[in-house]
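Working notes for the structure below.
The values are calculated or read from the model by the stated rules, or taken from the named source; none is laboratory data. Please read these numbers as outputs of a predicted model, since none were measured by experiment. Ideal geometry is used to build each Cβ from the backbone, glycine not excepted, and the neighbour counts take in all protein chains shown.
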Amino acid sequence: MMQDSGEHYHGQHAAKRSPMPMIVAAIVALALAVALAVGIWHAATTHGKRAAQAGNAAVSSNTTKSKSSASNADSATTVAKHHGNSPDCPDTDCISMLVNGDLLFHEGLWEHFAGPDTSATDGTAFNFDPLFEPMKKYIQASDIAVCEFETPIAQRGGPYSAYPIFNIPPEVADAAKHVGYQACTHATNHSWDQGSEGIARLWDTLEADGIAQTGSYKTEADSLQPLVLTSPTGGGKLGLVTGTVSLNGMTADQDWQVDRLRESGDPHHDSDIQKAVAKAKKAREQGADVVAIAMHSVQEYLDYADSWQVSEAHELADTGAFDVIYGAGCHCAQPIEKYNNTWIIYGVGNAVTVTSYIPGNETNNQGVAARIQFAGKKGVAGSWRVNRIDWLPTANMRQGEYRWCPISSDHPDGTCWSESEDETQRQRISKVIYSMGADTNVVREWNLTAEQQARQAGN
């Protein structure tokens with residue numbers, strides 16, 4: 001505004017003034033011109049500095065954006081971590097495997113789940129879904145759930161039989177499917193109860209239900225193939241091997257029909273170990289990141305590991321072929337041990353069975369579910385280890401009805417027997433679990449309620 005008004009005034013009045021005023025005016029005009037020039041220079045300089053600053057800021061901003069974009073691009077290409085369904089994963093990948101005890105059915109159990117026509121062949125003769133249903137939340141909190149099929153199954157519609165020569169309703173397999181088991185092992189002392197026909201029925205029924213399996217076989221070709229399971233969370237692959245010490249004095253038509261782990265001193269002992277190791281090796285060749293082996297014993301109702309269990313498990317661990325060893329067959333909870341850098345769960349008891357009131361056999365009424373978490377890097381041999389084992393004490397009844405029931409301290413389904421009885425059995429099983437020195441930083445009682453709350457808080 002000053003520049004415009006000065007130029008306007010000088011133009012209008014210059015012709016009417018005397019020389020002196022003209023001189024004065026010239027001096028004033030010169031001063032104004034100098035001031036104007038200085039102002040213009042200052043403005044231009046200031047503007048240039050500001051423009052440069054703005055330009056530098058824009059470059060800096062663009063550079064930051066470029067770095068941010070590059071960072072985002074890097075993040076987008078980073079392989080996502082597979083934490084599985086367990087609460088933590090200390091490495092790139094994890095696989096959590098749930099195992100629990102024998103599916104051991106007597107007539108006193110299956111009669112409670114009979115349909116209107118137990119001779120029906122359409123899958124309605126029995127409905128065992130209510131018996132299994134409480135397991136579902138624990139299976140869903142794991143990646144891979146594996147059952148132990150203690151006995152062969154009958155054809156649809158029967159006839160059925162129980163102890164000592166089992167032939168149980170095939171609807172048990174249907175219930176195993178419905179609750180979420182992905183696989184079952186079935187190398188036990190009862191595998192040959194119904195001969196090759198019983199093995200074939202069990203194999204065909206599990207296959208029809210979409211359940212992977214290993215342990216007893218219809219064909220020799222099947223017996224040579226290791227079971228390799230892919231974690232549904234993408235964390236890696238699990239190989240599964242099994243074997244039983246006994247067939248209750250019976251002999252299979254062909255040795256390949258049932259996986260065996262005969263005791264030391266038996267002429268087949270060494271070859272049984274070699275077969276198990278060879279299967280583990282083959283499983284790794286087929287992509288298994290970790291390999292577990294299930295041992296089936298026959299000494300019953302012991303709250304400690306018997307001599308065969310200890311010697312066989314240690315011999316298997318010494319081969320270095322297995323990441324974890326677990327057992328069934330004693331129908332009771334047994335200790336957890338770390339030996340030669342291999343974790344051993346000696347006995348997971350019964351998952352479901354009829355109640356025993358025989359003194360000394362009460363342990364038959366309880367079991368353990370164990371979630372074993374393996375951590376490592378998918379496809380990288382030697383990177384995997386067991387980083388935690390969550391154990392859950394269980395009962396075979398809930399308030400007088402046959403239901404799989406957790407007797408953990410959080411009581412997610414309420415009490416199984418009573419507050420005092422539940423606590424008594426929980427404490428008893430806990431003492432058994434840690435009786436061989438299991439590290440409490442790795443081996444922990446499974447509190448699903450707290451785990452779910454922590455997960456929700458993190459989301």
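Exactly one residue among 143, 122, 129 is touching a helix residue (DSSP H, G or I) at 6+ places or on another chain (Cβ under 7 Å), modelled with pLDDT of 95 or more and of a type outside the set (A, V, I, L, M), and that residue is 129. Selection of first residues in the range 103-122 that are outside the structural domain of residue 154 (by TED's automatic domain parsing) and closer than 21 Å to residue 147 by Cα and of second residues that are surrounded by fewer than 16 Cβ atoms within 10 Å (Cβ to Cβ) and modelled with pLDDT of 95 or more, restricted to Cβ pairs under 9 Å at least 6 apart or on distinct chains, gives an empty result. In the range 236-255, the residues that are assigned by TED's automatic domain parsing to the domain that holds residue 374 and closer than 10 Å to residue 296 by Cβ form Cβ pairs under 6 Å with partners that are basic (Lys, Arg) and assigned to a strand (DSSP E or B), at six or more places apart or across chains, as follows: 243/260. Against the test of being at pLDDT 95 or above and over 18 Å from residue 136 (Cα atoms), the options 437, 379 yield a single qualifying residue, 437. Quick check on residue 132: is it under 23 Å from the mean Cα position of the chain (by Cα) and outside any strand (DSSP E or B)? The answer is yes for residue 132. Considering only the range 435-449, how many residues are in contact with a Pro (Cβ under 9 Å, 6 or more places away or on another chain), more than 27 Å from residue 401 (Cα to Cα) and surrounded by fewer than 17 Cβ atoms within 10 Å (Cβ to Cβ)? Final tally of qualifying residues: 2.
Just one of the numbered conditions (1) in contact (Cβ under 8 Å) with a residue 60 or more places away in the chain; (2) closer than 14 Å to residue 355 by Cβ is not true of residue 395: (1).
Has the range 102-112 got at least one residue that is in a strand (DSSP E or B), modelled with pLDDT under 95 and under 30 Å from residue 293 (Cβ atoms)?
Within the range 102-112, the subset in a strand (DSSP E or B) is 102-103.
Add one more test, that the residue is modelled with pLDDT under 95, and what stays is none.
Looking through the range 102-112, none of the residues is in a strand (DSSP E or B), modelled with pLDDT under 95 and under 30 Å from residue 293 (Cβ atoms).
The sole residue among 437, 376, 367 that is of a type outside the set (Ser, Thr, Tyr), in contact (Cβ under 8 Å) with a residue 24 or more places away in the chain and touching a Phe, Trp or Tyr at 6+ places or on another chain (Cβ under 6 Å) is 376.
Filtering the range 218-242 to residues that are more than 12 Å from the chain's Cα centre (by Cα), surrounded by fewer than 24 Cβ atoms within 10 Å (Cβ to Cβ) and not hydrophobic (A, V, I, L, M, F, W, C) leaves 218, 219, 220, 222, 223, 225, 226. Could you list, in sequence order, the residues of the range 135-188 that are in contact (Cβ under 8 Å) with a residue 40 or more places away in the chain and on the phi > 0 side of the Ramachandran plot? Selection gives 158, 180. Against the numbered list (1) under 30 Å from residue 233 (Cβ atoms); (2) in contact with a helix residue (DSSP H, G or I) (Cβ under 9 Å, 6 or more places away or on another chain); (3) among the β-branched types (Val, Ile, Thr), residue 386 comes up short only at (2).
When 288, 283, 321 are screened for being free of Cβ contacts under 8 Å to residues at least 60 places away in the same chain, within 22 Å of the chain's Cα centre (by Cα) and assigned to a loop (DSSP other than H, G, I, E, B), only 321 passes.
Just to be sure, is residue 204 over 26 Å from the mean Cα position of the chain (by Cα), at pLDDT 95 or above and over 19 Å from residue 120 (Cα atoms)? Full working, then the answer.
Values: over 26 Å from the mean Cα position of the chain (by Cα): yes; at pLDDT 95 or above: yes; over 19 Å from residue 120 (Cα atoms): no.
For residue 204, the condition - over 26 Å from the mean Cα position of the chain (by Cα), at pLDDT 95 or above and over 19 Å from residue 120 (Cα atoms) - is not met.
Does residue 198 meet the test of being in contact with a Lys or Arg (Cβ under 7 Å, 6 or more places away or on another chain) and buried (at least 16 other Cβ atoms within 10 Å of the Cβ)? The answer is no for residue 198. Among the criteria (1) closer than 19 Å to residue 255 by Cα; (2) surrounded by fewer than 23 Cβ atoms within 10 Å (Cβ to Cβ); (3) of a type outside the set (Asp, Glu), the one residue 192 does not fulfil is (2).
Out of all the residues in the range 401-425, which are free of Cβ contacts under 8 Å to residues at least 60 places away in the same chain and either under 21 Å from the mean Cα position of the chain (by Cα) or buried (at least 20 other Cβ atoms within 10 Å of the Cβ) (or both)? 407, 408, 410, 416, 422, 425, listed by residue number. Of the listed requirements (1) closer than 24 Å to residue 373 by Cβ; (2) part of a loop (DSSP other than H, G, I, E, B); (3) not hydroxyl-bearing (Ser, Thr, Tyr), residue 248 misses just one: (1).
Taking the condition over 30 Å from residue 168 (Cα atoms), under 28 Å from the mean Cα position of the chain (by Cα), surrounded by 13 or more Cβ atoms within 10 Å (Cβ to Cβ) and modelled with pLDDT of 55 or more, does residue 91 pass? Yes; evaluated as a whole, the condition is true for this residue. Among the numbered conditions (1) surrounded by 15 or more Cβ atoms within 10 Å (Cβ to Cβ); (2) under 28 Å from residue 339 (Cα atoms), the only one that residue 398 does not meet is (2).
Within the range 337-350, identify whether any single residue is over 22 Å from residue 280 (Cβ atoms), polar (S, T, N, Q) and in contact with a strand residue (DSSP E or B) (Cβ under 7 Å, 6 or more places away or on another chain), and answer yes or no.
Quick first cut of the range 337-350, residues over 22 Å from residue 280 (Cβ atoms) only: 349-350.
So of that shortlist, the ones also polar (S, T, N, Q) come out as 350.
In the following step, the residues that additionally are in contact with a strand residue (DSSP E or B) (Cβ under 7 Å, 6 or more places away or on another chain) were identified as 350.
Scanning the range 337-350 turns up at least one residue that is over 22 Å from residue 280 (Cβ atoms), polar (S, T, N, Q) and in contact with a strand residue (DSSP E or B) (Cβ under 7 Å, 6 or more places away or on another chain).
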